[in-house]
Amino acid sequence: MDGVFIVKVIPLYIQAMGLVLRLCLLGVVFSLLIGLFCAIVRYYRVPLLGQFTGAYIELSRNTPLVIQLFFLFFGLPRVGIHLESFTCAVIGLSFLGGSYMAESFRGGLEAIGKGQIEAGLSIGLSRPQLVVYVILPQALAVAIPSLGANVIFLLKETSLVSIVALADLMSLAKDLIGLYYKTNESLALLVLSYLILLLPLSGLLRFTERRLRYAGFGN
């Protein structure tokens, strides 16, 4: 291992980690919004919208992120729509993650007993109040493990955004190997970078799940 080289390129890896975190944060936020919307639409069987969201989920879950990114970055310009690399990456992650989040939320919603819904209606709660105060909190608690797994999945999927010319961790490692032939050092820093990102996130999600179980949710 070339310690001098490692010290020299560590700032580059830190910069790339910042890009990955921004991509992941935006992708997760939009994925959660998309997923929640789709799950509620399918849960209440809204006409037309239900079929549309079902088709979106099937399309998203059954096409690789690479193909989605290629379509956004190379396909859309053919019809006059030009998007920046960062925007393409966020849209791609959100499009993919939204379908997985939708299924997680749907599982949580379907775990809510009908008795609780009937009880909420019997005490005079409106449908929106029932969703906000009764259904969603319990559904979220049930779905937390699956949602957490999806967040980790999206963070790992950011390794594919280099195909739209973003200088992420994977792209940086490949460039350094090509320029300096420091394969072992570059790959070791790549693995370490993802561990630094993933291990605290995984620990936080496990802690959240335990707290929810201790509080009596998700049982």
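Against the conditions (1) buried (at least 16 other Cβ atoms within 10 Å of the Cβ); (2) farther than 21 Å from PHE105 by Cα; (3) modelled with pLDDT under 90, LYS8 satisfies every one except (1).
Taking the listed residues VAL41, VAL7, the one that is over 22 Å from LEU190 (Cα atoms) and either part of a helix (DSSP H, G or I) or touching a Ser or Thr at 6+ places or on another chain (Cβ under 8 Å) (or both) is VAL41, with no other qualifying. Of all residues in the stretch 164-188, those satisfying the criterion of being farther than 28 Å from GLN68 by Cβ and either under 20 Å from the mean Cα position of the chain (by Cα) or assigned to a helix (DSSP H, G or I) (or both) are LEU179, TYR180, THR183, ASN184, GLU185, ALA188. On the stretch given as the stretch 20-43, residues that are among the aliphatic types (A, V, I, L, M) and under 17 Å from LEU195 (Cβ atoms) total 2.
Return the residue satisfying two criteria in turn: it lies in the stretch 108-120 and is crowded, with 16+ Cβ neighbours inside 10 Å and in contact (Cβ under 8 Å) with a residue 24 or more places away in the chain, and of such residues it is farthest from LEU36 (Cα to Cα). This residue is ILE112. Scanning the stretch 136-154 for residues that are over 18 Å from ARG210 (Cα atoms), surrounded by fewer than 20 Cβ atoms within 10 Å (Cβ to Cβ) and aliphatic (A, V, I, L, M) turns up just one, LEU136.
Conditions (1) charged (D, E, K, R); (2) farther than 19 Å from MET17 by Cβ, marked per residue:
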| residue | (1), (2) |
| --- | --- |
| PRO137 | no, yes |
| PRO145 | no, yes |
| ILE152 | no, no |
| LEU155 | no, no |
| ASP168 | yes, no |
| TYR180 | no, yes |
| GLU185 | yes, no |
| LEU204 | no, no |
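Pairs, please: C-beta under 8 Å, at least 6 apart or cross-chain, first residue surrounded by fewer than 14 Cβ atoms within 10 Å (Cβ to Cβ) and in the stretch 155-183, second among the acidic types (Asp, Glu) and modelled with pLDDT of 85 or more? If the second residue must be among the acidic types (Asp, Glu) and modelled with pLDDT of 85 or more, no pairs are left.
Contact map, the stretch 188-201: residues that are under 17 Å from ARG22 (Cα atoms) paired with residues that are assigned to a helix (DSSP H, G or I) and of a type in the set (Phe, Trp, Tyr), Cβ distance under 6 Å, separation 6+ or inter-chain. Pairs shown: SER193/TYR13. Only one of the numbered conditions (1) aliphatic (A, V, I, L, M); (2) in contact with a Cys (Cβ under 9 Å, 6 or more places away or on another chain); (3) within 19 Å of ALA149 (Cα to Cα) is violated by LEU72, and that is (3).
For the stretch 49-78, filtering for residues that are polar (S, T, N, Q) and assigned to a helix (DSSP H, G or I) leaves 4. Contact map, the stretch 51-62: first residue of a type in the set (Lys, Arg), second residue in a helix (DSSP H, G or I), Cβ cut-off under 9 Å, separation 6 or more or different chains; pairs are ARG61/LEU96; ARG61/SER99; ARG61/TYR100; ARG61/GLU103. Does the stretch 90-111 contain any residue that is farther than 24 Å from ALA149 by Cα and outside any helix (DSSP H, G or I)? Taking every residue of the stretch 90-111 in turn, none turns out to be farther than 24 Å from ALA149 by Cα and outside any helix (DSSP H, G or I).
The values are calculated or read from the model by the stated rules, or taken from the named source; none is laboratory data. Because the structure is predicted, anything quoted here is derived from the model rather than measured. Virtual Cβ from ideal backbone geometry, glycine too; neighbours counted across all protein chains shown.
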